[in-house]
């Protein structure tokens, strides 16, 4: 996924950009970067690898040397950012969140007519932010260039540009797949993916960009350069999993949505006699907890924390070098509360089930500590399609998604004609899918929230929410 934060002010804004960017660390695991602008010294920038160390620890020394009245930062799950570009549009820094699926085509088209070049990274890849910049620079102004780039790419791109006059141009993806909000304090403005990031820094929400909207942000003003397109398709997974609990998107709070989602899931299961009698309903930390609390309250069965994460030394799993080491780290973080597990019937609620690898280990972990039964509920429908907009499941081929993999095992390629039936737990194919996954992962029962339930919990018009990973519809 990835996140971004920017600010422009009458005062030095370096620490705001540092903390605001750090508050997006839950959205990415690969790179962190900041670019600052000072009227006297110009641009200064830092980029660090954060795969095995938090953003904060990598930048604590760097920020003592950085300063400026405007800045942008990013937690990137893809390529190094921000880039500083010198072009016909001037010198500027750029960050973006999204995904470009047709990179090779765009690179070939650019090289064919421009006579220019790209810096090639290891592995032969070209930085996605550099591709965006090359497209923006093909036009005579930033607005035309951003719109040209967003129209040309297959995928999505929400963009922030820090100009050499200290202003920031913020452009939300043309379908609004990611949020972009502006906060205000007495000295200036901030732009953020997560609303809580600027609220913690003393800013109050001033404005939320519409899909495709482009604005110019200065310390004392916000100016619309290109209005919203009117067509929004924001990612539903922001509420289900990615988003931080105290953030709001399109006016809908993440924690409230998750709690309501759990209520709806239990309500609908109870209507069909599907809620098992258990000793504890449990949330799979961390994003499953609010869903589980809602589920527990609705079905009136005790909520219990049957295991906790040990976070003082391992606040995140990061990315150790090998799969074996990643598994070991995950197990070391997971600490059982044995009296709540031994001889107990448990129902776990997780935000989603992607490949199922970690859930298999979690179930084994609970049985090793004496659980009598383990039931599983997913707070969203079966994931049937790899996301092509925001890098969710980017490292998981479609046929490695446990739902798709199980369909192939049940019915071969013929089964892919009936994905909609397999998604629906009321159909024979849907029941067969859930039974097969339960047997594979060791559950006593398995249930998924349905799309209608998720949309009810979000509360927005269904046509303004992206559900591609569940139903393949854009």
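The values are calculated or read from the model by the stated rules, or taken from the named source; none is laboratory data. This one's a predicted model, so the numbers in the text were calculated from it and none came from an experiment. Positions of Cβ are backbone-derived with ideal geometry, glycine not excepted, and every protein chain shown enters the neighbour counts.
Among the residues of the range 437-466, those that are within 20 Å of residue 405 (Cα to Cα) and crowded, with 19+ Cβ neighbours inside 10 Å comprise 437, 441, 443, 446, 447, 448, 449, 450. Scanning the range 398-409 for residues that are surrounded by fewer than 16 Cβ atoms within 10 Å (Cβ to Cβ) and either in contact with a helix residue (DSSP H, G or I) (Cβ under 8 Å, 6 or more places away or on another chain) or under 18 Å from residue 451 (Cα atoms) (or both) yields 398, 399, 408, 409. Number of residues in the range 108-129 that are in a helix (DSSP H, G or I) and in contact with a strand residue (DSSP E or B) (Cβ under 6 Å, 6 or more places away or on another chain) equals 2.
In this structure, does residue 145 turn out to be surrounded by 19 or more Cβ atoms within 10 Å (Cβ to Cβ) and either closer than 24 Å to residue 219 by Cβ or over 25 Å from the mean Cα position of the chain (by Cα) (or both)? It is true that residue 145 is surrounded by 19 or more Cβ atoms within 10 Å (Cβ to Cβ) and either closer than 24 Å to residue 219 by Cβ or over 25 Å from the mean Cα position of the chain (by Cα) (or both). Taken over the range 439-474, the residue count meeting the criterion of being part of a helix (DSSP H, G or I) and touching a helix residue (DSSP H, G or I) at 6+ places or on another chain (Cβ under 8 Å) is 13.
Looking at residue 20, is it at pLDDT 95 or above, closer than 18 Å to residue 191 by Cα and part of a loop (DSSP other than H, G, I, E, B)? No: the conditions fail for residue 20. Yes or no: the range 88-103 includes at least one residue that is in a helix (DSSP H, G or I) and surrounded by fewer than 19 Cβ atoms within 10 Å (Cβ to Cβ). Within the range 88-103, one or more residues are in a helix (DSSP H, G or I) and surrounded by fewer than 19 Cβ atoms within 10 Å (Cβ to Cβ).
Between 200, 218, the distinction of being in contact (Cβ under 8 Å) with a residue 60 or more places away in the chain, over 23 Å from residue 92 (Cβ atoms) and surrounded by fewer than 19 Cβ atoms within 10 Å (Cβ to Cβ) belongs to 200 only. Regarding residue 33, is this residue surrounded by 24 or more Cβ atoms within 10 Å (Cβ to Cβ), modelled with pLDDT of 95 or more, in a strand (DSSP E or B) and in contact with a helix residue (DSSP H, G or I) (Cβ under 7 Å, 6 or more places away or on another chain)? Considered against the rule, which asks whether it is surrounded by 24 or more Cβ atoms within 10 Å (Cβ to Cβ), modelled with pLDDT of 95 or more, in a strand (DSSP E or B) and in contact with a helix residue (DSSP H, G or I) (Cβ under 7 Å, 6 or more places away or on another chain), residue 33 comes out as no.
Filtering the range 265-284 to residues that are surrounded by fewer than 22 Cβ atoms within 10 Å (Cβ to Cβ), assigned to a helix (DSSP H, G or I) and out of contact with any strand residue (DSSP E or B) (no Cβ under 7 Å at 6 or more places or on another chain) leaves 267, 268, 270, 271. Just one of the numbered conditions (1) under 30 Å from residue 286 (Cα atoms); (2) out of contact with any helix residue (DSSP H, G or I) (no Cβ under 8 Å at 6 or more places or on another chain); (3) in contact (Cβ under 8 Å) with a residue 60 or more places away in the chain; (4) surrounded by fewer than 24 Cβ atoms within 10 Å (Cβ to Cβ) is not true of residue 244: (2). Of the residues 296, 317, 287, the single one that is assigned to a loop (DSSP other than H, G, I, E, B) and at pLDDT 85 or above is 287. Scoring residue 241 on the criteria (1) farther than 30 Å from residue 345 by Cβ; (2) out of contact with any strand residue (DSSP E or B) (no Cβ under 8 Å at 6 or more places or on another chain) leaves a single failure, condition (1). Among the residues of the range 377-384, some residue qualifies, meaning at least one is surrounded by 15 or more Cβ atoms within 10 Å (Cβ to Cβ), farther than 30 Å from residue 304 by Cβ and in contact (Cβ under 8 Å) with a residue 24 or more places away in the chain. Is at least one residue of the range 63-77 under 30 Å from residue 185 (Cβ atoms) and free of Cβ contacts under 8 Å to residues at least 24 places away in the same chain? Within the range 63-77, one or more residues are under 30 Å from residue 185 (Cβ atoms) and free of Cβ contacts under 8 Å to residues at least 24 places away in the same chain. The criterion of at least 3 residues that are modelled with pLDDT of 95 or more and under 24 Å from residue 275 (Cβ atoms) is met, among helices (runs of 4 or more DSSP H) falling completely within the range 349-427, by 402-411, 419-423.
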